[in-house]
1. Starting from the alpha-carbon convex hull of region 468-542, give the projected area averaged over all orientations, in nm².
2. Please compute the length gained on full extension between S1188 and I409, using 0.36 nm multiplied by the number of residues separating them and subtracting their Cα-Cα distance.
3. Compute the FRET efficiency between R646 and R942 as 1/(1 + (r/R0)^6), taking r as their Cβ-Cβ distance and R0 = 22 Å, and round to the nearest 0.05.
4. Checking a compactness column here: for region 91-210, what do you get for Rg(Cα) / (2.2 N^0.38 Å), N being the number of residues?
5. What is the percent carbon and sulfur in the accessible area of region 101-278, measuring with a 1.4 Å probe over the protein chains and ignoring ligands?
6. Among 1141-1149, 48-56, 323-331, 426-434, how do they line up from the highest to the lowest mean number of other beta-carbon atoms within 10 Å?
7. Distance check, please: which entries in K592/K851; K148/K291; K402/K457 exceed 23 angstrom between their Cα atoms?
8. How do K61, K124, K654 stack up against each other in accessible area, from largest to smallest, with a 1.4 angstrom probe?
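The values are calculated or read from the model by the stated rules, or taken from the named source; none is laboratory data. Keep in mind that this is a model prediction, so the values were computed, not measured. Cβ placement follows ideal geometry from the backbone for every residue including glycine, while neighbour counts extend to all protein chains displayed. Side chains are part of the model used for accessible areas, which takes the heavy atoms of the whole protein and leaves out ligands, DNA and RNA. Shrake-Rupley method; radii C 1.70, N 1.55, O 1.52, S 1.80 Å.
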Amino acid sequence: MAEDSLRVGVGGMMSSGLAVLLNDEDAKESSSKSRIVPHFDYSLHRPLERTIEYIFGLPEKSVSPLDGGKVDSSLVRAVIKNQFSKLHCELDAKTSHREGISVVSHGVVALEDYSICGEIRIVKPPLVLESLALFSSARANACIWKGKWMYEVALETSGIQQLGWATIACPFTDQKGVGDADDSYAFDGRRVSKWNNESEPYGQSWVAGDVIGCCIDLDCDEISFYRNGVSLGVAFSGIRKLGPRFGYYPAVSLSQGERCELNFGAYPFKYPVEGYQPLQEAPSRSSFGTKLLRCFSRLLDRPDRSLADTLSRLRRFASVEELFSPVSRAICDEFYYILEQDRLLAEYLGRGAFLSFLLEIFRTQAPHDCSSLDRVLDVLLASPLSHLIFGHVINALAFSCKTATLTLIECPYSGPYPYLALACHLLRREELMVLWWRSLHFEFLFEGFLSCRSSNKHDLQQLMPVVWWPGSSEDISHESSMGFTISALSEAINKVEEKQRNLCLLVIQFIPPISPPQLPGSAFRGFLQNLLLKNRGADRNLAPSGVTRNSVLVSLFSVILHFLSEGFEMLKSSEEAVRHNVGFLHRGGQQKFPLSLFLKNDPHRADITRLGGLFSHISKSYPTDDDQEEEIMRWEEGCMDDEHNRVTHTTEQKPCCCIAYDTDLTKSSKDRGKNTAKSSRGQCSSIPERSSHVAAECSGGSFSEEIEDKPSTSNQSDLPEFGYRPVRFMRTSLQESRVSSAILSEEELLDSLLLLYHIAVAPNFKQASYYMSQQSQSISLLEETDKQIRERASGDQLKRLKEARKSYKEEVMECVRHSAWFRISLFSRWKQRGMYALCMWVVQLLLILSKMDSVFVYIPEFYLESLVDCFHVLRKSDPPFVPSTTFIKQGLSSFITFVVTHFNDSRISNTDLRDLLLQSISVLVQYKEYMEAFENNEAATRHMPAALLSAFDNRSWIPVTNIFLRLCKGSGFSSLKNGESSFSSTVFQALLRDACINDGELLSTFLNRLFNTLSWTITEFSVSVRDMQEKYQVMEFQQRKCCVIFELSSNLARVLEFCTCAIPQAFLSGTDTNLRRLTELILFILNHMTSAVDDEFFDLSLRRQGQPSEKLSRGILLAPLVGIILNLLEASEEDSKQKQQHDVVGLFASMDCPDTVYCGFQYLLEYNWDGCVSGDDAYVKKLGQLASFLDHLVNRASSQEPARIEELFNKDATDLDDNTCCICYAGDANAVLVPCSHRSCYGCITRHLLNCQRCFFCNATVIDVVRDNEEGDHR
C-alpha cells in the first residue's frame, strides 16, 4: 500500500491527512471510513476517478465520473476547493481553546523590548540574539499560569547562558538575570548548574549546536530541561503557583558575546516533548498545507509504491504518471494560495512539513532520488510565488546543519549530511542560488551550512560506546569494535566534508546577476573576506563579540585545503595544471605570488600585525606605490635549497606528500582501528586516503596503488545542466590587466587558508595534543595502580587503590575518545598531505621574500606562526605521517634554513616570533635524524653557531641553553647514566669552538651572560628551598619552581663544562677575569649545595611524581663542577709551557674562604656518584685526579697562609683602609673610575663594567678606567 503519511523529523506537527473533499451525498459519511484504496467493485467506475481518490485520500466514489476522461489543473483544483470553505470552518471549530496562556502582539511570541536589561542585538530576525553587554537579560511576551508549555533554544555559542522561566517580578540587572531571584529558574550548561537564587549541579555540559528544551509543567509544578531531546531530569519541583496573567514568562540571560536562537513555536520544534505545547500556536492552515504535501507525495510513481503499481497494472488505477502534470499544478496553486493568506504559514511549513517533504522525496541516504525531486522542483519553481517557501527552506537547511547530531547507527549518512546533500541539489538551480545570494542573511546561512555541532563527553560516549587502547585489559572484541566505530565515523566525516566542498564550489562558480558584470568567485571572495574581518582577534585569549563558530572556520579550512591540494578546475591557471588536474600546492616548477596581498592594507587585513610591526608604522619606513603593489614575485621551486638537499615536485626524488609509504602507514580499512588509542605509546591511526590528483604529477601512479580512500571531489560535469554559464579561464598577468584581479586566485585562497589555520585550526591541534598527552599519563597511572593492586592486596589500602583505578580508567577512556575524535576530524591522510605541501610552499615564499626588506616586513605574522605550528603538528602526528628520517630530508630542508637564519632576525619585530623559531631549533635537535638535517644544511652550519652565542640573553637563554646542551651532550664528567641518548654533534661542537676562537668579543659577552645567569638561578633555587624549610611546608607551586630552576642550573653548568673543555684558553690565557669569575661561581654553587639545608628536605623539594630518580639528586648539578675543574687541570698540564698560563690551583688557594673550598671539594670526593655518571670505571680515575688537585690545593694554601698573616699584621690599619678594595676586600684599590674618581681594584671594576657602565658608588657614567701608574683605558 502506498504511504499515506509524510515522514518528518518533527513529531506532532501534522494532522492525519487531507480533509475529506466531497461532491455528492457520500460526503456525509464519516471520515473514519475513508480509504486510500477503495474496497468495492471497480467494474462500475473508471480508473481515472479512482486514481484521483487515491491521490487525495478521498472516500469511495467521492469523485463523480469525469466527462471525456480528461483531467486538467482547473478541474483538480475544483475538486480540492469544492468543500474548502466548509473544511475551513470545521478546522476553526476543532481548534482547541488554549487555556493558561496570554500572548501580546496578536499571538506572536517575541521579546518584550521594555524587559531587556543590558544590550541585545538581533543577529538575524526574528530571534537570533547576541549579548553585547557584559550580561544581558530579556523576557518574552507570553505569560503562562496553567498547563504544560515549552520553548527551544538553539545555542550558537556554548558560553555562560541562563535559560529558563521568570515572573515579571524578577529583577534584571547588569549582574543578575534569570535564576538569580526567588521566582526565576534557569539552567546553565557551561557551568553545568541550575539556578534559583543559588546554583546547584545539574544536567550536562552543552556545546554550540545543542538544542535546549525548556519545559514547565504547571499541573505538577515542575520545571525540566532537555538537551537534544534527551531529558536532563526534573530541575525544580514545587514551584509557586500563580494566578492568571501573573505567571511565568520565558526568559534568558546571556554573557557578553553569547548567541542563541529562540523558538517559541514559530516553526516546529526540532525535539518536541510529548504533552508540552509551544507558546506560539501553529498557523491555522498548517494542517491543510501538510495534507496537500502528502497528496503531492502520492503523485510520485516510485518503486516503493508497490501496491499502487499493482493496481495500475490490474487497471483498477490509472497510471499516476498520467495525472502528474495537472494534479501537481493544482496542488501547487492551492499551496501557494494559502501561503499568501497567512504570513506566518510560510515559515512554519518551510521549516517543517515542506522541508520534510523534500527530504522524503530526495531520501536522506544515498542513493538519492534526484530525478523525483527534480520533477517536483520543476513544478514548484514554475510559480512566481516560490520564493515564499524556498527562502525558509534554505534557512531551515542551514539551521539543521548547525544542530544535526552525528549518530553511529546512521553512518555514513549522518549528522549534517542529508541537509547538505539536499542544499547542494537545490542550489544547483540558478534561481534558488540567486534567491539565497540576494537574501539579507546570505553569509549567516553560509556559515550555518559549514557548521558542525561539537561533541562533549556524553556525546562521545554515545558515538564510541566501546573503548580500547593498547595494553588495556578489555576483551579483545573491544579492539575490533572500536576499529569499526572509527571507520564508520571517519566515513561519515568524509561525506560531510565532501558536501561542504560541493556547496562552496557552487558558490565559487556562481556569477551574481548584478551590474557591472562579476566574475566567478566574487561571491565566495566576499564571504571569505567578511568572515575573516569578523573574526579579527579570534586568536586572543578573550575573543571579541561576534566571532564565528570554530567549526565553521575549520570546515572552511578543510574546503580550501582540499581545493589547493587536490585541485579543481575552477582555479587552474595553467594548461599543464588543467591537463594533469594537479592541485596548486603540488604543481612544482615556477611559482608566483602577488605582492599586493601583503602591500595593500585591505579592510579585512587592517589590524593584522606584520613581521615588521603594524602596517601604519611600516609604511612610514617602507612606503609602497601602485607599481610595486601590482608586482608578482616569481621563483623556481626549490631555488632556496642546497643543491644536494633539493627535493621538489619536479625532481626525481619526490617530496613526502607525493611518495608511497610502507604498508604499515597505509593500512586498509579493516586494520584502521588497531592503533586507535595510542598516545605517544602508539595512538589512533589516521584514515588512509588516496589522492589521484597528486599522484598524476608526482608519482606516476604508484601513489594511487598504495594509498586508499581518496575523499571524493565534487562532480562538476553536471553543473552546466542547471543553468550555470561556463567559466572562462583568465590567464592575463596582473601587470597586464587589473580586470583579472577580480578572479578568485589560488594565492588568495592560500592567504586565507593560513589565517584560518592560525585562528581556528591551530587551537584544535593544541587541544588534541593535550588529550593525547593526558592519555599517555593516565595510562601510566592506571598501569601503576594495577601493579600496586597485584602486589598489595590488603584491606583499606586495596579499597582505595580500586577507587583510584576506577577514576584513572574513566580518565583514560575519556582521553581515548577525545583523541580518536580529533584524529578522525583533523588527521586524515589527505589533510596531512595537503599540510605538508602547504609548509613547503610557504617556507619557500618566506625565504624568497626575506631577500627583499621592503616586502619581508609586510608579511603577516600569521604566515610564520602557521608555518611553524603546522610543521610541528605533522612532525608529532602519531602514527607518523611519514618516517622521521625522511620528514625533513624529502621536502622540508628549507624549513631548517629558515629557522636558523631568522631566529635572531631584527626585521621580525615581535620577539615572541623569534623565540618561536628558536624553540623549534631546540625541539628538533633533540632527535638524531633531525640533528643530521641541521648538520647537512649549509645555512645551519654557516649561521647557527655564532647566532646562538649572540642570542644567549636575558630573554632567550633557556632555549639556547637547551640547544647547546643537545649539541654538546654525551661528553664530560656530567654525562648522565640514564635519560640521555648517546648522540651529540661533533660537527657543531667544532663550529662552536671555532666561532668562540674567531670572535673574542662575542665569547666574552657570552661567558659574562652565562656566569650571571647561573649565579641568578642558583640564588633563586637556594632562596626557594630555604623558604620552604623555614615554613616546613612544601607547596606544589614552590616544588615545581624548585625543580625547574634546579634543572636549568644544571643545564647551564653543563654548558659551562663544555666551554672549559672546548675553549680552555678562554679561562687560562689573557686576562684572569673569566677564570676568577669561574672560580668564584664554583665555590658559590658548592656553598649552596653543601649548606645547612638537610638532605631529606632538599630531596623532598625536588621530588615530583613520574620523574626519574636520578633527577632528584644533587649529582646532576655537582657533576659539571667536577668536569669543569678537571678540564682546566688537563688543559693546564697540556699547555704548561706557555708563559701566560694562569695558575688554577693558585687561584683557588687564594680565595678568602679556605674552609668552603676544602669542604666543598671533600664533599665532591665523598659524594655517591652511582646512578649519576656513566657506568664504567672512568669516573673513578677522574675522581682520583680531583683528589690529587685537592692535595695540591691544601699544600698551596698551607704554604701561603703564614705569609698572608704576616703581611696583614705588618700593614698599617690606615693603609689597609685606604688601599684595600672596598668591594672584594681581597685586592688593592689600584684603579680609578673617570670622571667620578672613585677607586677600587681593577678586577672588580672589570667584572662590574661587563654588565653596567655606571659607577658602583655614585651611579655616574664611566668613560675611563685608569690603573695606577698607567694611562687611561677608554671604555
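1. Values: hull surface 35.8 nm².
So the Cα hull casts an average projection of 8.9 nm².
2. Working: separation 779, 0.36 × 779 = 280.44 nm, distance 7.84 nm.
Full extension of this stretch gives 272.6 nm more.
3. Working: r = 17 Å, r/R0 = 0.79.
Efficiency computed from Cβ-Cβ geometry: 0.80.
4. Values: Rg = 15.4 Å, N = 120, 2.2 N^0.38 = 13.6 Å.
Dividing the Cα Rg of region 91-210 by 2.2 N^0.38 Å gives 1.14.
5. Values: 3380 of 6740 Å².
Here it works out to 50 percent.
6. 48-56, 323-331, 426-434, 1141-1149
7. Details: K592/K851 16 Å; K148/K291 27 Å; K402/K457 19 Å.
Checking Cα-Cα distances, K148/K291 exceed 23 Å.
8. On the way: K61 90, K124 20, K654 40 Å².
Descending accessible area places them as K61, K654, K124.
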